[in-house]
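The values are calculated or read from the model by the stated rules, or taken from the named source; none is laboratory data. Quick caveat, the model's predicted, so the values are computed rather than measured. We place every Cβ from the backbone using ideal geometry, glycine too, and count neighbours over all the protein chains shown.
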């Protein structure tokens, strides 16, 4: 893991006091040049499940069947009867863990503003840290996957009340895994990919539904994504009809010659209307207040002669859910679309709202993995978000930050 973090300068390293996390942090720190001293925080302790500790999952499922179903489907409601000083009391493990995560963020964020911090913890506390950072509720606790030694990157603009971006979640390429483990007994897995770079991305020119093709770098990104996914079994593929995602999908499917490429018109990029074809400074000159609102409160903006985010949400999520609904059990599908469309889909997966799209990053050529273990009948699992490590630039997404 230290190799995956090579080149990053850390202002602080925090770890849970439990030996499995602490030893992991020590090994990582030993491989980092000029690593800061390791700081131990009890606020990074794992979730407290006293009645289940020491039991295997199969034993818990057998002995606490109803409680386990609540834990899996409605984690915010899950509780255990435990002995307290005043007698038996209800302990809500997930609610307690979310409070713990918030206290951790409030304690460390003011100390390291503008710096890079490494946090080493456990499955449950890391899920809770991610959720509380972007305002996800405890009912979404089970949606996010955290693999052993998986890496996630969060970008804070200030404190916990300020904007936070999920740059990536659960990167496992440094562990020799192409994608996180796939053990679906039913349901489907979808690989959501953003198209490769276009010249307008590079220039930060708003393209929307104007059909701009990949530039040379975008074609190279598509080929690298294709190599990255060449050994992943893909059963079906769907793309937005615009050329930039279609070219990306076609490159990936070179290694999957038996898979036909379908199109879903509702996966088109947001219609920017009169903003399309313009650079940001040009939009600023003519639509300054609307551009400011787009940056601060995007859900409030109606693009002139274009769309608003709710319209994109309605069509994009409907198209995505139709793909899930029609997918065969245990199948894996490739879905290639655009920045804004991918973001609204992922906001819906995470239980967020249109206003939260800036909390999600989608790099050009990035791969995101979403499982539906029970199809649309059950909750999805975000296995990994915004994988760009196949571009050979480390764990940080260094793709173009151009316009949508």
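Which ones in region 63-75 are exposed (fewer than 15 other Cβ atoms within 10 Å of the Cβ) and more than 16 Å from residue 378 (Cα to Cα)?
Selection gives 63, 65, 66.
Just one of 49, 8 is part of a loop (DSSP other than H, G, I, E, B) and farther than 28 Å from residue 392 by Cα; which is it? Let's see the steps before the verdict.
On the way: 8 fails: farther than 28 Å from residue 392 by Cα.
Result: 49 is the single residue among 49, 8 that is part of a loop (DSSP other than H, G, I, E, B) and farther than 28 Å from residue 392 by Cα.
Please work out which one of (1) on the phi < 0 side of the Ramachandran plot; (2) free of Cβ contacts under 8 Å to residues at least 12 places away in the same chain is the condition residue 124 fails and give its number.
With respect to (1) on the phi < 0 side of the Ramachandran plot; (2) free of Cβ contacts under 8 Å to residues at least 12 places away in the same chain, residue 124 is out only on (2).
Among 187, 176, 121, which is the only one that is at pLDDT 95 or above and either over 13 Å from the mean Cα position of the chain (by Cα) or not assigned by TED's automatic domain parsing to the domain that holds residue 103 (or both)?
Matching residue, one of 187, 176, 121: 121.
Residues being over 18 Å from residue 216 (Cβ atoms), surrounded by 23 or more Cβ atoms within 10 Å (Cβ to Cβ) and either modelled with pLDDT under 95 or over 22 Å from the mean Cα position of the chain (by Cα) (or both): count how many of those fall in region 238-254.
Final tally of qualifying residues: 1.
(1) out of contact with any helix residue (DSSP H, G or I) (no Cβ under 9 Å at 6 or more places or on another chain); (2) farther than 25 Å from residue 218 by Cβ; (3) buried (at least 22 other Cβ atoms within 10 Å of the Cβ): which one isn't true of residue 377, the others all being true?
(3)
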